[in-house]
1. Just checking, how many residues over region 50-68 are within 15 Å of Arg89 (Cα to Cα) and in contact (Cβ under 8 Å) with a residue 12 or more places away in the chain?
2. List the residue pairs whose Cβ atoms are under 7 Å apart, where the first residue sits in region 69-83 and is more than 11 Å from His23 (Cα to Cα) and of a type in the set (A, V, I, L, M, F, W, C), the second is part of a helix (DSSP H, G or I) and modelled with pLDDT under 90, and the two are 6 or more positions apart or on different chains.
3. Among the listed residues Ser60, Ser47, identify the single one that is surrounded by fewer than 16 Cβ atoms within 10 Å (Cβ to Cβ), touching a helix residue (DSSP H, G or I) at 6+ places or on another chain (Cβ under 8 Å), outside any loop (DSSP other than H, G, I, E, B) and not basic (Lys, Arg).
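The values are calculated or read from the model by the stated rules, or taken from the named source; none is laboratory data. Quantities reported herein were computed from a predicted structural model and do not represent experimental measurements. Positions of Cβ are generated from backbone atoms using ideal geometry, with glycine treated the same way; all protein chains shown enter the neighbour counts.
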Amino acid sequence: MPIGLLIALALLAPTLSASCIAHLEVPKYPEIARLSRVEGAITVDVSIGADGKVVSTTASGVAMLREAAEENAKHWTFQPETHYITCFRCPLCYSRVARLATQPAQ
């Protein structure tokens, strides 16, 4: 399980324990945003159904990154009947990794 997502969930939804999380994925960086060097913070509101599947997502933040964040959150799953909340807010940060000084410039 991606530790960054787990930490974000723990901070924002303290009643959502790690044991109720069945599946999380690291969001994909949209190719067009990566090539355009777009970075930014996204907030995704997630609603969970009784079966543990994500019912709906709504993202806010940088437009070029919102769709990817929402689509990613739709694939998260939770253990049915083990979560005590039905919705939570999760921050995601899309950031490019700086090139190391030892790497040749392209």
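1. Number satisfying all stated conditions: 7.
2. Listed pairs, sorted by first residue: none to list.
3. Answer to the check: Ser60.
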